[in-house]
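*Asks:* Okay, handing you the structure first.
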Amino acid sequence: MRRLYTLYCRLFQFVLKQTAYFLPWRQPELLEGEHSLKRLPDLVKQRGLDRVLIVTDKGITKLGLMDDLLRGLHETGVSYEVYDKTVPNPTIDNIEEALGRYKRQQCEGIIAFGGGSPIDCAKGVAARAARPDKSLSEMKGLLKVRKDIPPLFAVPTTAGTGSEATVAAVISNSATHEKYAVSDPKLIPHAAVLDPLLTKGLPPHITSTTGMDALTHAVEAYIGRGNTAQTKKYSREAVSLIFENLYPAYVDGSDMTARKKMQKASLLAGMAFTRAYVGYVHAIAHTLGGFYSVPHGLANAVILPHVLEYYGKPAYKPLAELADVAGLTQGAESDVIKARIFIDAVKKLNEDMNIPEKVSGIQEKDIPLMVKRALEEANPMYPVPRILHKEDLMKLYYKIKA
């Protein structure tokens with residue numbers, strides 16, 4: 001029975017990979033470098049937009065990070081409406097409330113300003129604006145948007161989610177504690193601003209967990225079976241940049257070289273996994289976000305080494321390649337040893353940045369439902385090195401439970 005189920009999953013993934021070659025992928029137009037945010041108002045105006053909705057959160061508005069943008073929009077004659085009630089793990093209610101603002105103010109485009117949560121919220125608004133006949137729950141899963149979204153500009157203020165380059169909007173249903181993705185190439189932002197000054201002085205715990213989020217994206221994309229030559233290249237470059245720059249960015253928030261390179265790594269990892277998909281790390285992390293509001297990057301960081309160990313032999317070769325890419329090996333070791341070195345390096349990076357080995361607050365009574373939801377997310381879609389089953393996921397939840 002397990003063999004048949006595994007065969008079904010692999011067949012599904014094969015068809016999905018072949019279909020992907022015919023989808024309308026796009027890469028966002030990039031504004032890069034220090035002070036690149038100041039160039040965004042002109043780009044918005046060039047797109048012929050007179051009024052935009054800015055989706056952000058209270059933290060961003062309190063810090064005044066958007067002041068230059070708002071001033072620039074005013075000077076270029078672009079009116080704006082600010083929605084700053086986005087919560088971590090944005091909810092359906094968030095998106096519907098922001099959509100109401102978008103419609104009432106007759107906006108023509110959307111600027112997502114913040115970490116992964118505001119960008120996901122903005123993508124949800126864009127999806128609903130494109131498909132007013134569909135609820136978010138009806139667009140859950142793959143290729144349900146299908147129609148062109150309003151012009152979407154992403155301004156990430158963390159280096160980790162890669163949402164500025166991905167097909168997915170991850171949404172939480174606060175009533176059911178379910179967290180799921182709406183995924184469609186139509187949701188890839190039209191433009192993204194990578195201004196490292198926006199990440200200057202980011203709190204160390206956010207730098208660390210968002211950086212580990214990017215590493216998880218790159219690793220899960222690389223070790224899976226959904227790769228193309230291009231996504232493997234993106235993943236390798238992202239892994240190299242992260243091992244070189246994450247810890248320096250963590251210990252010195254004003255290290256602009258490290259900040260800039262981490263932004264690039266986040267973008268590359270995002271471009272890798274949006275085409276090659278992720279794996280069980282993300283499936284489990286999404287349940288922890290849905291049930292307990294565990295920050296996504298923190299969940300990924302804790303779960304990643306546990307899942308990599310659990311995969312065993314099917315993951316050895318690609319993990320060995322990543323160990324070489326990250327400069328962790330001498331090149332002569334066996335794949336098994338290199339894979340172990342890589343996993344140990346991930347653990348050491350977590351330890352050095354004060355990220356715990358396990359997740360506190362997991363309640364035993366919730367585990368069966370979380371297992372069910374994680375499996376529903378991952379199987380048959382994620383082209384993981386090894387297909388896991390209910391018993392495997394149960395073991396993993398208990399491994400990560402504090």
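*Asks:* Residue pairs, Cβ under 6 Å, 6 or more apart or interchain, first in the stretch 32-61 and in contact (Cβ under 8 Å) with a residue 40 or more places away in the chain and more than 17 Å from ALA159 (Cβ to Cβ), second hydroxyl-bearing (Ser, Thr, Tyr) and assigned to a strand (DSSP E or B). List them.
*Replies:* Cβ pairs passing all conditions: ARG51/SER79; VAL52/TYR80; ILE54/TYR80; VAL55/TYR83.
*Asks:* Next up: Against the definition (part of a strand (DSSP E or B), open to solvent by 10 Å² or more (accessible area, probe 1.4 Å) and either closer than 28 Å to ALA269 by Cα or at pLDDT below 95 (or both)), how does LEU30 come out, yes or no? Lay out the reasoning, then the answer.
*Replies:* Working: part of a strand (DSSP E or B): yes; open to solvent by 10 Å² or more (accessible area, probe 1.4 Å): yes; either closer than 28 Å to ALA269 by Cα or at pLDDT below 95 (or both): yes.
Answer is yes for this residue.
*Asks:* Let me ask another. Somewhere in the stretch 126-136, is a residue of a type outside the set (Lys, Arg), crowded, with 24+ Cβ neighbours inside 10 Å, under 15 Å from VAL155 (Cβ atoms) and out of contact with any Ser or Thr (no Cβ under 9 Å at 6 or more places or on another chain)?
*Replies:* So far as the stretch 126-136 goes, yes, one or more of its residues are of a type outside the set (Lys, Arg), crowded, with 24+ Cβ neighbours inside 10 Å, under 15 Å from VAL155 (Cβ atoms) and out of contact with any Ser or Thr (no Cβ under 9 Å at 6 or more places or on another chain).
*Asks:* Now for a separate question. Just to be sure I understand the filter: pairs with C-beta atoms under 6 Å, separated by 6 or more residues or on different chains, first member in the stretch 348-369 and farther than 15 Å from ASN300 by Cα, second member assigned to a helix (DSSP H, G or I). Which pairs pass?
*Replies:* GLY361/TYR292; ASP366/PHE291; ILE367/TYR397
*Asks:* Which numbered condition trips up ASN89, out of (1) farther than 26 Å from ILE206 by Cα; (2) assigned to a loop (DSSP other than H, G, I, E, B)?
*Replies:* Of (1) farther than 26 Å from ILE206 by Cα; (2) assigned to a loop (DSSP other than H, G, I, E, B), only one is false for ASN89: (1).
*Asks:* Only one residue in ALA238, ALA192 is part of a helix (DSSP H, G or I), buried (at least 24 other Cβ atoms within 10 Å of the Cβ) and either in contact with a strand residue (DSSP E or B) (Cβ under 6 Å, 6 or more places away or on another chain) or modelled with pLDDT of 95 or more (or both). Which one?
*Replies:* ALA238
*Asks:* From (1) farther than 24 Å from ASP344 by Cβ; (2) touching a Phe, Trp or Tyr at 6+ places or on another chain (Cβ under 7 Å), pick out the condition that doesn't hold for VAL278.
*Replies:* (1)
*Asks:* Residues in the stretch 334-351: is at least one at pLDDT 95 or above, at positive phi and over 19 Å from the mean Cα position of the chain (by Cα)?
*Replies:* No: the stretch 334-351 contains no residue that is at pLDDT 95 or above, at positive phi and over 19 Å from the mean Cα position of the chain (by Cα).
*Asks:* Looking only at the stretch 325-360, which residues are open to solvent by less than 60 Å² (accessible area, probe 1.4 Å), within 20 Å of HIS286 (Cα to Cα) and touching a Lys or Arg at 6+ places or on another chain (Cβ under 9 Å)?
*Replies:* Hit for the stretch 325-360 is VAL359, nothing else.
*Asks:* How many residues does the stretch 105-125 hold that are in contact with a strand residue (DSSP E or B) (Cβ under 8 Å, 6 or more places away or on another chain) and open to solvent by 10 Å² or more (accessible area, probe 1.4 Å)?
*Replies:* Total meeting the criteria: 7.
Yes/no matrix, rows are residues, columns are (1) open to solvent by less than 10 Å² (accessible area, probe 1.4 Å); (2) at pLDDT 95 or above; (3) hydroxyl-bearing (Ser, Thr, Tyr); (4) in contact with a Gly (Cβ under 6 Å, 6 or more places away or on another chain):
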{"site": "VAL251", "(1), (2), (3), (4)": "no, yes, no, no"}
{"site": "SER266", "(1), (2), (3), (4)": "yes, yes, yes, yes"}
{"site": "ALA269", "(1), (2), (3), (4)": "yes, yes, no, yes"}
{"site": "ALA299", "(1), (2), (3), (4)": "yes, yes, no, no"}
{"site": "HIS306", "(1), (2), (3), (4)": "no, yes, no, no"}
{"site": "GLU309", "(1), (2), (3), (4)": "no, yes, no, no"}
{"site": "TYR316", "(1), (2), (3), (4)": "no, yes, yes, no"}
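The values are calculated or read from the model by the stated rules, or taken from the named source; none is laboratory data. Just so you know, these numbers come straight off a predicted model, no measurement behind them. Positions of Cβ are generated from backbone atoms using ideal geometry, with glycine treated the same way; all protein chains shown enter the neighbour counts. These area figures cover heavy atoms from the full protein model, side chains too; ligands, DNA and RNA do not enter into them. Shrake-Rupley method; radii C 1.70, N 1.55, O 1.52, S 1.80 Å.
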